[in-house]
1. Any chance you could give the angle, 0 to 90 degrees and rounded to 10, that helix B:238-248 forms with the longest Cα principal axis of chain B?
2. Taking the Cα centre of region B:1-113 as origin and charging only Cβ (+1 Lys, Arg; -1 Asp, Glu), how large is the dipole, in debye to the nearest 20?
3. Please give the residues of region A:263-286, grouped as numeric ranges, whose backbone N is less than 12 Å from a label point set 7 Å along the Cα-to-Cβ vector of A:N175.
4. According to a simple spin-label model (label point 7 Å from Cα along Cα-to-Cβ), what is the distance in nm between A:A215 and A:R366?
5. Using a 1.4 Å probe and counting only protein heavy atoms, arrange B:T123, B:T85, A:T71 so the residue with the most accessible area comes first.
6. Just round it to a whole percent: the fraction of Cα-Cα distances in the protein assembly as shown exceeding 46 Å.
7. Nothing charged except the Cβ atoms of Lys and Arg (+1) and of Asp and Glu (-1): what's the magnitude of the dipole of region A:87-244 about its Cα centre? Round to the nearest 20 debye.
8. Lys/Arg Cβ at +1, Asp/Glu Cβ at -1, dipole of chain A taken about the Cα centre: which of A:G292, A:V33, A:Y361 is farthest positive-ward?
Amino acid sequence: MSRPFAKLPAWIDYGLIPLLNLVVAFLVAGLVVLVVGESPAEAAMLMLRGAFGYGEGVGFTLYYTTSFIFTGLAVAVAFHGGLFNIGGEGQAYLGGLGITVVALALGGILPWWLNLPLAAAAAALFGAAWALIPAWLQARRGSHIVITTIMFNFIASALMVYLLVGPLKPAGSMNPESRTFEAGASLPKLDGLFELFGASLGGAPLNVTLFVALAAALFVWVLIWRTRLGYEIRTLGHSPKAARYAGMAETRIIVVTMLIAGGLAGLMALNPVMGDQYRLQIDFPAGAGFVGIAVALMGRGHPAGILPAALLFGMLYQGGAELAFDMPAISRDMIVIIQGLVILFAGALENMLRPGVGALYGRLRRQGPVGAEAGKATA
Amino acid sequence: MDAALAINIVDSTIRLSTPLLFAALAGLYSERSGVFDISLEGKMLIAAFASATVAALSGSAWAGLLAGVGAAVAFGLVHGFASITCRGNQIVSGVAINFIAAGLTVILGQSWFGEGGRTPPLTGDARFSDKVLPFAQELSGVPVVGPIYSGIISGQNVLVYLAFLLVPATWWVLARTRFGLRLRAVGENPAAVDTAGISVAWLRYRAVIICGVLTGLAGTYLAVAQAAGFNRDMTAGKGYIALAALIFAKWRPVPILFACLLFGFLDAISIRIQGVALPGIGTVSVQFVQALPYILTVVLLAGFVGRAIPPRAGGVPYVKER
């Protein structure tokens with residue numbers, strides 16, 4: 001993304017301004033709560049208590065967080081390459097198909113710790129495959145990746161409905177879902193970990209996928225900032241001209257970046273499909289692919305930002321579900337609004353506050369003892 | 001295939017194409033001015049909700065129309081502010097607006113009417129009713145012309161006629177007026193327009209407002225003419241199909257008409273085709289027909305069936321030289 005405004009110190013650029021944007025987003029969300037006739041402060045308290053107040057709530061919060069880490073990373077990796085991957089939803093959906101193939105074939109044969117890497121590989125492979133065509137079309141034919149990935153979300157949805165009401169549905173069943181996996185294809189819950197802290201996980205579906213997500217975050221950090229490929233991806237994202245001039249193979253980088261992004265989105269399916277429902281259901285990603293856009297923008301594309309951003313949205317999802325019990329006027333759709341507001345203020349309007357903050361900073365600098373760089377900050 | 005069925009399919013094709021036509025023409029104005037807009041979906045949705053709400057409360061479809069247009073223009077101005085004034089990423093802004101509209105319509109609908117996001121059913125004057133054109137009854141007996149006139153052309157509602165009239169009007173505005181020339185220029189080369197002493201920002205804002213008005217009409221049509229009230233997520237991806245039609249038509253008004261009719265036709269036959277064996281193909285699954293607009297758009301974007309080239313300055317915020 002271009003930054004046509006004056007340069008500010010890093011702590012303002014990466015700390016203060018994103019924080020202010022987030023505050024504005026939540027203030028506007030608070031306004032909506034007011035319009036609906038509830039108290040925003042009370043709603044926030046109920047939400048926090050629902051998300052962190054007891055063991056089961058924490059378990060659900062972290063379960064949602066796990067999904068959002070994957071989809072946030074999927075969007076962020078593509079962002080670094082200057083590509084906007086809106087297709088996380090479809091890629092995750094297809095990832096679930098990969099898992100189902102492994103789980104139905106090997107679920108009764110292998111133990112879970114052998115099935116996990118196999119299913120993860122299949123999920124990443126299917127997710128990556130779904131990103132391949134948009135990536136190739138962007139690289140070779142110049143078709144806009146935003147449009148193609150949106151189209152592929154719809155195509156994925158149609159394809160999966162076709163499979164789930166047809167070939168994948170067990171005979172005699174009315175529900176559009178696959179048969180339930182055997183024990184070998186269900187991932188263990190993390191209740192043991194919770195008992196260490198004297199808490200109970202209850203019915204929360206938090207499972208070992210959390211560690212896969214954390215490993216994926218580490219992988220993305222190493223990839224983007226510590227490898228040659230990552231350097232090439234960032235170069236392409238900042239300046240395609242520079243990348244071309246440096247002799248980097250544009251097509252290869254675009255395709256590889258999108259394959260990695262698609263693979264990460266596909267891995268997200270591990271969490272609900274193998275970790276919670278033990279079967280492939282219609283629309284199981286339930287918007288997680290889109291939450292990834294907000295998570296990536298809020299986390300500024302860095303795993304260190306994406307993890308807390310994913311936690312925030314995990315909290316909103318779980319807290320929002322609890323909130324709906326106490327305040328029926330505020331259903332889970334409130335999260336969709338907050339998600340939109342975060343994308344708007346942290347993404348599209350990221351420069352709205354910048355001139356003001358820059359001018360204020362410039363004035364403070366001039367009044368302060370060190371006035372050397374004064375005036376530099378004013379746009 | 002008998003004539004009655006053919007008339008029936010053409011009639012529902014026209015009804016299903018209308019919202020696509022409004023939305024695709026809306027996108028045309030915005031994108032030809034250099035502002036990419038994937039928030040057609042969100043603007044249609046908020047307009048559908050606002051129009052159904054006001055129509056239900058006031059009992060007047062025309063008041064609903066005003067509210068729907070107003071809501072869509074307001075959301076359009078948010079998109080304009082983000083992408084023109086703040087020079088933000090236009091795709092990101094569009095995504096945000098789609099989410100805000102999806103959430104807001106349900107939250108407000110649930111809070112005001114308490115029916116799971118639905119608005120009260122509209123009856124009588126609160127809906128745009130079908131207009132029977134003069135002589136429709138008398139001519140229906142005449143062979144060929146009669147059924148076409150009375151079964152297809154007559155008996156649509158005001159908004160359908162408006163949508164189809166907007167196609168030549170849009171062509172005329174874009175191709176034959178000064179405003180249209182400048183609008184197209186600002187989407188291709190804003191610096192040249194700026195040099196001529198014309199405000200790039202104001203031109204683009206006007207395009208964004210027109211886009212809001214037309215998406216407002218699209219949403220109003222869905223909730224107040226086609227259906228009788230608002231349902232949660234009632235646009236169901238129509239904004240994206242309209243976007244696909246816009247690209248499929250290579251950003252030109254008359255081809256947009258045919259693209260929308262094609263996608264409306266696919267929608268109309270997708271229900272009827274279930275379980276029917278086509279000669280030479282066999283049975284086609286409903287899901288395949290539903291996915292066909294998206295598949296066709298991808299194939300077109302790939303450049304295998306003629307090339308779709310977007311306005312050159314699309315998606316790029318204009319920075320005035322300093």
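The values are calculated or read from the model by the stated rules, or taken from the named source; none is laboratory data. These numbers were taken from a predicted model, which means no experiment stands behind them. Virtual Cβ from ideal backbone geometry, glycine too; neighbours counted across all protein chains shown. Just the protein is used for accessible areas: all its heavy atoms, side chains included, with ligands, DNA and RNA removed. Shrake-Rupley method; radii C 1.70, N 1.55, O 1.52, S 1.80 Å.
1. Between the helix axis and the principal axis of chain B, the angle is about 70 degrees.
2. Taking the Cα centre of region B:1-113 as origin, the dipole is about 300 debye.
3. Taking a point 7 Å out along Cα→Cβ of A:N175, the residues of region A:263-286 whose backbone N falls under 12 Å are A:277-282.
4. Distance between label points: 5.6 nm.
5. B:T123, B:T85, A:T71
6. 20
7. 820
8. Result: A:Y361, furthest along the dipole toward the positive end.
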